[in-house]
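The values are calculated or read from the model by the stated rules, or taken from the named source; none is laboratory data. Model, not experiment: these values are computed from the prediction. Cβ sites come from the backbone with ideal geometry, for glycine too, and all protein chains shown count toward neighbours. Heads up: the accessible areas ignore ligands, DNA and RNA and are worked out on the full protein's heavy atoms, side chains in. Shrake-Rupley method; radii C 1.70, N 1.55, O 1.52, S 1.80 Å.
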Amino acid sequence: MKDRSRFRPPDLELLGSRPSRRRILRHVAQIVGGVSALGLSAGSARAEQVRPTPSQVAGPHYPKEKPGEADWNLLSVGDGAPPAGEPLELHGTVTTRSERPIAGARVEIWQADNQGIYDHPRDPDRTRFDHRFQGYGALDTGADGKYRFLTLMPVPYGGRPPHIHVTIRRVGAEALTTQLYLKDHPENDRDGLFALMLYPGQKKLMIDPRDATLDNGMRGKSARFDFVVF
Ligand SMILES: [Fe+2]
């Protein structure tokens, strides 16, 4: 018998607005990049290095109102206690396709709390959101293109695998919006978005958190993800 669970249709999270012509062209460029990475065209190693980070839909939970505190540390809200969940350091670099670090790029992340609840009106469980967790954070990359957030290890919710939403904006360029997933998480293959993957570049949207000692001796995980944007 066929395992239909692997072909779960996309949920609301996956529904985006109608893609612009520019966005379609970008996807075509990503598909070409994916083919290059398979060695089907010349210079595959180089193409692998500079292939742009694939975009994914923003989903319905981008904050309607940003929290009063919206910095890089999502584990600290005012002087309050840390939220429930396992701390995660998410860090890396934002570069152009020619591998030039981008200074001053605005990086935003948002995600559900440790119960899988978003601080958003469209989440039916919002009243139970853990307000010790910031839920959203933003920063500008440094002169070296680097960024660093303290957040939580994402958890599955509503049929979706654990993920962190990311948007990167910079002056004079279209924003990159995407989602990061946990490498080898069993829920990944049951996700509608994964079922829609058309090119191998999508698989690059993975983080591989490792045990680490973070700020103030706090134990948690650390993962690096480098974004390549147009
Ligand atoms: Fe989400």
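Structure values in brief
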| read-out | value |
| --- | --- |
| Compactness relative to 2.2 N^0.38 Å, alpha carbon Rg of the stretch 55-229 | 0.99 |
| The stretch 87-139 - Rg over Rh from alpha carbon coordinates, Kirkwood radius | 1.13 |
| 20 Å Cα-Cα threshold exceeded, pairs from Lys183/Lys221; Lys183/Lys204; Lys64/Lys146 | Lys64/Lys146 |
| Protein accessible area in the stretch 55-229, 1.4 Å probe - carbon and sulfur % | 49 percent |
| Per residue accessible area in Å² of the stretch 55-229, where ligands, DNA and RNA are left out and the probe is 1.4 Å | 45 Å² |
| Local net charge near Trp72, Cβ-Cβ under 13 Å (Lys/Arg +1, Asp/Glu -1) | -3 |
| Solvent-accessible surface (1.4 angstrom probe) belonging to Arg224, in square angstrom, nearest 10 | 130 Å² |
